[in-house]
Amino acid sequence: MAETLPLLLLWVNLKRNDMKLKKLKSFFEDNNFNVHTTKQDNVQCAEIETWTDGGVNMLICLNPFTIDEFKKCVEYFNVDEEITLHRQDKSYCDNFTIREGLEDFEAFNNRLKEIVTKLNLIVDNKK
């Protein structure tokens, strides 16, 4: 019996982690993201995909697939870098003026921050 206890605890822990990942995936899907999960070096990762209001496809790679990793991505999101990157594409320049791009990415950045706020509320309510 003593030998099976660590295996049972491991199984329970794996099930808990699986439930957390399912809830996190569901949370992002409920907030208009497509979630593509994968394992990399035994770590659960995800690409979460959404669009700006202007229709720009945005992929965020989370390795690992955790709330903290998402928060880091939002913290380091840089509107100027995104505009510089996207303005290298002629079709983007044809569809967005600099001002429109700025407004679109600022609105997207605000949306990401709102999602972090929602995640913080969920985490705080579980404490």
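If you go through the range 47-58 one residue at a time, do you hit one that is closer than 21 Å to THR117 by Cβ, of a type in the set (Phe, Trp, Tyr) and more than 10 Å from the chain's Cα centre (by Cα)?
yes
Yes or no: the range 109-116 includes at least one residue that is part of a helix (DSSP H, G or I), more than 17 Å from ILE60 (Cβ to Cβ) and charged (D, E, K, R).
Step one: filter the range 109-116 for residues part of a helix (DSSP H, G or I), giving 109-116.
Okay, now just the ones that are also more than 17 Å from ILE60 (Cβ to Cβ), so none.
So far as the range 109-116 goes, no, none of its residues is part of a helix (DSSP H, G or I), more than 17 Å from ILE60 (Cβ to Cβ) and charged (D, E, K, R).
Would you mind listing the helices (runs of 4 or more DSSP H) fully within the range 1-89 where at least 2 residues are in contact with a strand residue (DSSP E or B) (Cβ under 9 Å, 6 or more places away or on another chain) and modelled with pLDDT of 95 or more? Spell out how you get there, then give the answer.
On the way: elements: 4-30, 67-75, 79-86.
Here the list reads 4-30, 67-75.
Mind listing just one residue for me: the one in the range 56-72 that is of a type outside the set (Val, Ile, Thr) and in contact (Cβ under 8 Å) with a residue 24 or more places away in the chain and, of those, surrounded by the most Cβ atoms within 10 Å (Cβ to Cβ)? Full working, then the answer.
Of all residues in the range 56-72, those of a type outside the set (Val, Ile, Thr) come to 57-59, 61-65, 68-72.
When the remaining residues are screened for being in contact (Cβ under 8 Å) with a residue 24 or more places away in the chain, the result is 58, 65, 70-71.
Details: MET58: 15, PHE65: 23, PHE70: 21, LYS71: 16.
Within the range 56-72, the match that is surrounded by the most Cβ atoms within 10 Å (Cβ to Cβ) is PHE65.
The values are calculated or read from the model by the stated rules, or taken from the named source; none is laboratory data. As the structure is a prediction and not an experimental result, all values here were calculated from the model. Counting neighbours? That spans all protein chains shown, and the Cβs are built from the backbone with ideal geometry, glycine included.
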